[in-house]
Amino acid sequence: MTTKWIVEDKEKENVFWPSEEMKKAAWVSDPKIYDEALKDQKAFWAEKAGALHWEKKWDNVYEQEPGKPWNFKWFVGGKINAAYNCLDRHVEGGKGDKVAMIWVPEPTDEKPVKITYSELNKKVNKFANALKKLGIKKGDRVGVYLPMIPELMISLLAVARIGAVHNVVFSAFSGESVKDRMEDAEAKLLITANGYYRRGKLLDLKKNADIGVEGTPVKNVVVVKRAELDVNWVDGRDHWFHELIEKESEKCESEFVEANDMLFMLYTSGTTGKPKGIVHDTAGYLTQAYWTTKWNFNAKDDDVFWCTADVGWITGHTYGCYGPFSNGITQIVFEGAPDYPDIGRWWKTIQDHKVSVFYTAPTAIRMFIKAGDAWPKKYNLESLKILGSVGEPIDEEAWLWYFRTIGGGRCPIIDTWWQTETGANVVNTLPGIGPFIPTVAGRPFPGIDMKLVDEEGNDAEMSGYLVEKPPFAPGMLRGIYKNEQKYIDTYWSRFKNLYDTSDGAKLREDGLIRITGRVDDVMKVAGHRLSTGELENAINEHELVRESAVVPRPDKIKGEVPIVFALLIDPSKATEETKAEIVRHVDKMIGPTARPAAIYFVDDVPKTRSGKIMRRILRGLVTNDTNLGNVTTLMNPECVEHLKEVVGYGG
Ligand code: WT7
């Protein structure tokens, strides 16, 4: 008999509550925690931060510059090191032999590799020493462009160990994306691999990395030898990871940094054409990463935690590195794709390694639903206790399938709302408290205060814009790298004294929040964040294109997919070959995650009198919305009729 962690509310359809067993097993099970934490948020978080190792305790829990709500600091004057908290603390506490990570390589003929906390610590120290020899000092930015291999986590922690700043670029992003990010961040060094496996193919990552460092301030490139693959080599600049660490000592003193010193930056898409470098500090981020991992997933010593997100995204930073490691638990690091060699791979991985906490995205769940129940049914998934969802709203069908078919009706689904900017989970339901309701994310995590407002920033009751109230959670971003004005404009200018999430939400009578989605020009494509402007910019750079407009179209599996309207310089080039060229160009400029699902060649796109593209109308056209809204105020209303034909509107 496996324990039922969740029970159905007999009165209401599809409402679930924690079982008595779950309440007993949970770190928190009394809903009073919410009110208590809000009574004194600073005291709550100070107590929470106390669970970490501090070289020197903070002088002041929280400071905010008068008149500048965005300029706040947590744990001012404290000295801390993130790697120390993820490694040394456990090793010194006698947990050195505990497995920190089980690495599952993609090729099935390669065996999974277990790495203990003490082994991980030594590797991190060796690499940290090597980085120092290559001239990396506190505050320097280090690019990390690696697939899901242990060296990825080792790199993050080694950079953190010496007080430097990591800047990860998702391995499926293009060389051009790496280049933009290395330039903007003024990175001194890039860590990459010679290759990696994706769906059975060995890909040459070094080729992209070479493009990515050209003409940038990057002086040294460290290359992990993931596979037998000959790659281009630049003597003096390129160094093999294994050769560097061979000579180094297993010991490296932690650089204890001020709580508000930068731990990392991570680029994410916004409304404008260029991704912005989101800046996260050390102590506040780590505090929220630690406690949300612990409470939201009820992380305990015997858990095997698996967050399927790539470390190229914030989810992988927080729940594939800092969260699980700071909690000293065992986690799975999986190199491959979910459908290789077959679509049972993840379920096999759960069975093989007795995964107890599984955290993934709705887009993956929808893909598994389509593949059929026979796949998960082949495997024993009884080790699972808690299931998580992140990245986009989860629809009821996907929720219930995940709950029944994967969780066997035993496991709560923790739907976690948050953003690259918030650093860690913000809205969700605690496993020992509940209720768990499809499409309802839950409440702000204890100690975080949110509300809904209308267009003018007045309190809204039932639905509105989701905003966070001061003092803001400790994990919140501290800026956009080198661009304070953009930081203020993007998050702090629409509503006074409130953090603007750019998400819409609905509030239920019981106080639970249902997220309705982005209210700006950001798309979620297979859970990945992408801006329409960024894609337009890339496409406009193609020599055949005069102008383009991109809108999202709902998709059964991916949630949303990008649809492109392109105006060509020479309309006679409107061919299938040009479409294929544009797709290749997008791959080169951004990466395959941004590939358009359809490209329409058109003569014109709807614009306001001031020349702004009216994406609302294009969105209506591609979704077959019967109400396109008022088109008479457009500069060029006549183009709409033609567009209707092109997209087959109303057909
Ligand atoms: C946007 C942030 C945060 C980790 C992964 C995404 C959407 C995220 C949920 C959820 C509904 C969600 C929001 C948010 N989102 N989680 N549980 N329910 N929507 O981080 O790439 O920065 O994207 O993802 O629209 O603003 P991100």
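The values are calculated or read from the model by the stated rules, or taken from the named source; none is laboratory data. As the structure is a computational prediction, the values presented were derived from the model and not from experiment. Cβ atoms come from the backbone with ideal geometry, glycine included; neighbour counts cover every protein chain shown.
Structure notes:
- Of everything in the stretch 355-399 that is outside any strand (DSSP E or B) and polar (S, T, N, Q), the residue that is surrounded by the fewest Cβ atoms within 10 Å (Cβ to Cβ) is Asn380.
- Test: residue in the stretch 511-521 that is under 22 Å from the mean Cα position of the chain (by Cα), farther than 30 Å from Phe436 by Cβ and in contact (Cβ under 8 Å) with a residue 24 or more places away in the chain: yes
- Of residues in the stretch 400-441 being among the polar types (S, T, N, Q), near the ligand (Cβ under 10 Å from one of its atoms) and part of a loop (DSSP other than H, G, I, E, B), the one surrounded by the fewest Cβ atoms within 10 Å (Cβ to Cβ): Thr439
- Count of the stretch 144-175 residues which are in contact with a Ser or Thr (Cβ under 8 Å, 6 or more places away or on another chain) and under 16 Å from Tyr267 (Cβ atoms): 8
- A single member of Val561, Val525 is out of contact with any Cys (no Cβ under 9 Å at 6 or more places or on another chain), over 22 Å from Gly464 (Cα atoms) and away from the ligand (no atom under 12 Å from the Cβ), and it is Val561.
- Qualifying positions in the stretch 628-643 - over 18 Å from Pro552 (Cβ atoms) and surrounded by fewer than 16 Cβ atoms within 10 Å (Cβ to Cβ): Asn630, Thr632, Thr633, Met635, Asn636, Pro637, Glu638, Glu641, His642
- With respect to the conditions (1) on the phi > 0 side of the Ramachandran plot; (2) within 12 Å of the ligand (Cβ to nearest atom), Gly479 lacks only one, and its number is (2).
- All told, Tyr322 falls short of being closer than 30 Å to Glu541 by Cβ, touching a residue at least 24 places away in the same chain (Cβ under 8 Å) and either more than 14 Å from the ligand (Cβ to nearest atom) or in contact with a helix residue (DSSP H, G or I) (Cβ under 6 Å, 6 or more places away or on another chain) (or both).
- Selection within the stretch 249-282: residues that are within 18 Å of the chain's Cα centre (by Cα) and among the polar types (S, T, N, Q). The member of this set that is surrounded by the most Cβ atoms within 10 Å (Cβ to Cβ) is Thr282.
- 1 or more residues of a type outside the set (Phe, Trp, Tyr) and surrounded by 24 or more Cβ atoms within 10 Å (Cβ to Cβ): qualifying strands (runs of 3 or more DSSP E) within the stretch 107-194: 141-145, 165-168, 189-193
- Taking the stretch 484-603 and the strands (runs of 3 or more DSSP E) fully enclosed by it, the elements with 1 or more residues that are among the polar types (S, T, N, Q) are at 499-507, 513-518, 528-531, 545-555.
- Of all residues in the stretch 579-612, those satisfying the criterion of being crowded, with 19+ Cβ neighbours inside 10 Å, within 30 Å of Ala209 (Cβ to Cβ) and among the aliphatic types (A, V, I, L, M) are Ile582, Val586, Met589, Ile590, Ala594, Ile599.
- Any hit, the stretch 472-482, residues being in a strand (DSSP E or B), at pLDDT 95 or above and not aromatic (Phe, Trp, Tyr): yes
- Of all residues in the stretch 328-354, those being surrounded by fewer than 24 Cβ atoms within 10 Å (Cβ to Cβ) and part of a loop (DSSP other than H, G, I, E, B) number 12.
- For the stretch 285-308, the set of residues classified as within 11 Å of the ligand (Cβ to nearest atom) and surrounded by fewer than 23 Cβ atoms within 10 Å (Cβ to Cβ) is empty.
- Members of the stretch 604-633 found to be within 11 Å of Val647 (Cβ to Cβ) and not in a helix (DSSP H, G or I), listed by number: Thr623, Asn624
- Residues (closer than 29 Å to Asp449 by Cβ, part of a loop (DSSP other than H, G, I, E, B) and charged (D, E, K, R)) located in the stretch 1-37: Asp9, Lys12, Asp30
- On inspection, Asn85 qualifies as surrounded by 20 or more Cβ atoms within 10 Å (Cβ to Cβ) and in contact (Cβ under 8 Å) with a residue 40 or more places away in the chain.
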